[in-house]
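Take a look at the structure below.
Just so it is clear, none of the values below were taken in a lab; they were calculated from the coordinates. On a predicted model such as this, the values are computed, not experimentally measured, just so you know. Here Cβ is always computed from backbone atoms with ideal geometry, including for glycine, and neighbour counts include all displayed protein chains.
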Amino acid sequence: MAKSAPKGVLTITTRNYSSWSLRGWLICRMAGVAFSERILAADDPNARAELLHLSPSFLVPKLEYDGMEVWDVLAIAEFLNEIKPESHLYPADMATRAHCRAISGEMHQGFVNLRSALPMNFKGHFPNFKIWAGVQGDIERIVSIWRGCLRAYGGPFLFGAAPTVADAMYAPVCSRFATYDVRLDQDVAAYRDHILAWAPMQEWAKAAQAEPEELEELDVEF
């Protein structure tokens, strides 16, 4: 009997540079939906807008599922949470769920200095990278969020034993911290390393390493 085609199609861009594509892909994987991937070429207008403007508001990633179209990472997360509640993308407890949504939203809308100065780059490694004051403020806030969650919920993920949308939202930051050798205390470094060793992240990183040559325009400090 022939296998049925996946219900979903997720449009993404480059794996090496696109943090929003990574977030959407992780959320789809966590939800357990069947989906194929459509990869936009780097010269596609939507792809370049997403990469160079570092904005979550363009149509990448976009999930087409069972005749519906959903774009924006958090909209995809809420949609999948509705159709796949058994995947537990958010914590079960209402107060904890609200906390998860709050820090996910903070990542979605904030940390512009960090996004601009430390672009995601799985292929790169830049030891002794200069961290400017504005970026340091973003790093300190993220570390505070991570430390608070790990202490409150016990780790190893931000909200306990299983990953949630919040881990998908902060996963590209873990990659950035490794790429630019951002110094972290042991507790938050352990979280970073746990996310980088997480099987879906390993799968994404391997595919990023296999991508064609880097795009020179993107391989710079924004």
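Structural remarks
- Going by neighbour counts of Cβ atoms within 10 Å, the residues Glu64, Glu69 line up, fewest first, as Glu69, Glu64.
- Dividing the helix sum by the residues of the chain, where each DSSP H run of 4 or more adds -39500 (n - 2.57), gives a mean residue ellipticity at 222 nm of -16000 deg cm²/dmol.
- Enclosed volume per residue, in Å³, of the convex hull spanned by Cα atoms of the stretch 116-222: 99 Å³
- Legend: translational diffusion of the chain by Stokes-Einstein, Rh = Kirkwood radius over C-alpha pairs, 25 °C, 0.890 mPa s; D = 138 µm²/s.
- Listed residue pairs exceeding 32 Å between alpha carbons, taken from Lys84/Lys123; Lys130/Lys206; Lys62/Lys206: Lys84/Lys123
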